[in-house]
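Notes follow the structure.
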Amino acid sequence: MNVRNQFPRACQVLTVPRGAVDAQGGRRFVFVVLRNALGVGKATLQKREIRVGIADAANYEVLDGLQEGEMVALPGDVDLKDGMAR
């Protein structure tokens, strides 16, 4: 039996790990790590809504809400909160 992938293959897309994405009421959010312009002092987290596209077992394609080079936080032992110092 031959199997053919019917899904479009996207190249050069922005992705985030599934573990970084929080879903609430049909909307999806990530916590972006914000650093000041000089890169000194503590970074803070900003909760930001994103729009996702296709996904695989490990990642979501990001269609809107993030830019290349921005860093997102992954949850760990503590709950992430908007404005939290990192």
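The values are calculated or read from the model by the stated rules, or taken from the named source; none is laboratory data. Only a predicted model underlies this, so the values are computations on that prediction, with no experimental measurement involved. Glycine also receives a Cβ, built like all others from the backbone with ideal geometry; neighbour counts cover every protein chain displayed. The area values use the complete protein model at the heavy-atom level, side chains included, leaving out ligands, DNA and RNA. Shrake-Rupley method; radii C 1.70, N 1.55, O 1.52, S 1.80 Å.
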Looking at (1) open to solvent by 90 Å² or more (accessible area, probe 1.4 Å); (2) modelled with pLDDT of 95 or more; (3) touching a helix residue (DSSP H, G or I) at 6+ places or on another chain (Cβ under 9 Å), which is the only condition ALA57 fails? (2)
Considering region 11-60, residues that are β-branched (Val, Ile, Thr) and part of a loop (DSSP other than H, G, I, E, B), and then whichever is nearest to ALA73 (Cα to Cα), we arrive at VAL21
Just one of the numbered conditions (1) at pLDDT 95 or above; (2) exposed (fewer than 11 other Cβ atoms within 10 Å of the Cβ) is not true of GLY76; which one? (1)
